[in-house]
Amino acid sequence: IKKKRGYVLIIDIHSHILPDLDDGAKDMMTAIQMLTTAAAKETTIMIGTPHVIEGNCPPVWQDIVHRCNLLQTAAQKAGLIIALYPGAEVALQLDILEKIKGPGDYCINGGRYLLVELPSLDIPSYTEEFFFRLQVKGIIPILAHPERHPVLARQPEILVKWVKKGILAQMNGTSILGRWGERVQKTAELFLVNRLIQFVGSDAHNTRTRHPDLQAARCRVIQLVGEDRAEQLFTINTLHVLQNLEVRAGRIDSLVYPSSSGLWTWLFKKLTGS
């Protein structure tokens, strides 16, 4: 990837930018406003990943692709230099596996990488079966924002185990900036420095509280793990996903807690109730 002087390529792997599909952009005007913000903050590629939840009238894949194309046309007419690709954020539900036959539908850019979201408060007993059945179909799961999950915050070794089994993970840029609270921020730092995260996305839903600005998050990630690693997380790995190339998680042995985080003792006590 070649970078012009003073220019950074950011690829947003997780956004609810496609209009009128879920709780993200409510209409085309909102979507264009979100794209304008993203483009102004050096994002040049965005992947639209609307929620796909069984029993909640999930969008069909063809509709996701169609709306992505419509938004791309509208963006070009608005003079925005930003590319859009289709994807989905699929809820971790066994029934959904019936809709996913293999690489293609609901996977990012119709490839083999699928963004998966856990239930917000617990980890179902069938979670590893769900991941395994996807992998048997030739799909590589990407776990959305694990740093926000309370069980993984208390038991980060669970994520270590999953990553060792080939599950990839995506962190929200707002998490590392503390906008989801201190517990989420510290968990994000822990996962980041231990190479448990392979992608950073905005998870943008609107133009206000959950907007698609990844620039500040990229600066913070550089402070924590360096510019080369940031380029992997914000650009190279997602480019590989779009091109259906391999993304490597890297070797993970045992967890190392950030030495700069003096609040880890307090956080551990708060999470465990000790």
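Of the chain, which part is the longest with no chymotrypsin sites (Phe, Trp or Tyr not before Pro) in a loop (DSSP not H, G, I, E, B) and with at most 16 other C-beta atoms within 10 angstrom? It works out to 127-274. Distances between placed amide hydrogens fall under 5 Å for Val90 paired with Val52, Leu115, Val116, Glu117, all partners being 5 or more residues away or on another chain.
What shape does the stretch 197-254 have by the C-alpha gyration tensor, where a ≥ b ≥ c are the square roots of the eigenvalues, rounded means a/c under 1.5, and otherwise prolate means a/b greater than b/c and oblate the rest? Judged from the Cα gyration tensor, the stretch 197-254 comes out oblate (a/c at least 1.5, b/c at or above a/b). Ligands, DNA and RNA left out, the accessible area of the stretch 40-145 computed with a 1.4 Å probe is 53% carbon and sulfur.
Solvent exposure of the chain amounts to 45 Å² per residue of accessible area, where only protein heavy atoms count and the probe is 1.4 Å.
Here's how it looks for Ile10: its modeled amide H is under 5 Å from those of Thr44, Ile45, which are all 5 or more places away or on a different chain. Scalar couplings 3J(HN,Hα) for the stretch 106-111, obtained by applying the Karplus form with A = 6.51, B = -1.76, C = 1.60 to θ = phi - 60°, are 6, 7, 4, 6, x, x Hz; x denotes Gly and Pro. A simple rule links phi to the HN-Hα coupling: the Karplus curve 6.51 cos²θ - 1.76 cosθ + 1.60 with θ = phi - 60°, which for the stretch 162-173 gives 5, 4, 5, 8, x, 7, 9, 9, 10, 9, 7, x Hz, with x for Gly and Pro. Take the Cα of Leu239, go 7 Å toward its beta carbon, and the backbone nitrogen atoms of the stretch 44-77 under 20 Å from that spot belong to 44-48. Between Leu18, Leu71, Leu115, the Gaussian network model of the chain with springs among Cα atoms under 10 angstrom shows the greatest mean-square fluctuation at Leu71.
Taking the radius of gyration and the Kirkwood hydrodynamic radius from Cα positions alone, what is the Rg/Rh ratio for the stretch 79-127, to two decimal places? Radius of gyration relative to Kirkwood radius: 1.10.
Take the alpha carbon gyration tensor of the stretch 79-181, find the square roots of its eigenvalues, order them as a ≥ b ≥ c, and report rounded if a/c is under 1.5; if not, report prolate when a/b exceeds b/c, else oblate. Oblate, because a/c is 1.5 or more while a/b does not exceed b/c.
How high is the relative contact order of the stretch 16-83, in percent, with contacts defined as C-alpha pairs under 8 Å that are six or more residues apart? All intermediate terms of the calculation are to be shown ahead of the outcome.
Working: 73 pairs, mean separation 25.6, N = 68.
RCO, the stretch 16-83: 38 percent.
One Cα centroid belongs to the stretch 111-168, the other to the stretch 10-31; the line between them spans 24 Å.
Its DSSP H runs of at least 4 residues, each contributing -39,500 (n - 2.57), put the calculated 222 nm mean residue ellipticity of the chain at -10500 deg cm²/dmol, to the nearest 500.
Rounded to the nearest whole Hz, the Karplus-based 3J(HN,Hα) values (6.51 cos²θ - 1.76 cosθ + 1.60, θ = phi - 60°) of the stretch 22-29 follow the sequence 8, 8, x, 3, 7, 7, 5, 4, with x at glycine and proline.
The values are calculated or read from the model by the stated rules, or taken from the named source; none is laboratory data. Treat the numbers as computed from the prediction; the structure is a model and nothing was measured. Note: ideal-geometry Cβ built from the backbone for every residue, glycine included; neighbour counts use all protein chains shown. These area figures cover heavy atoms from the full protein model, side chains too; ligands, DNA and RNA do not enter into them. Shrake-Rupley method; radii C 1.70, N 1.55, O 1.52, S 1.80 Å.
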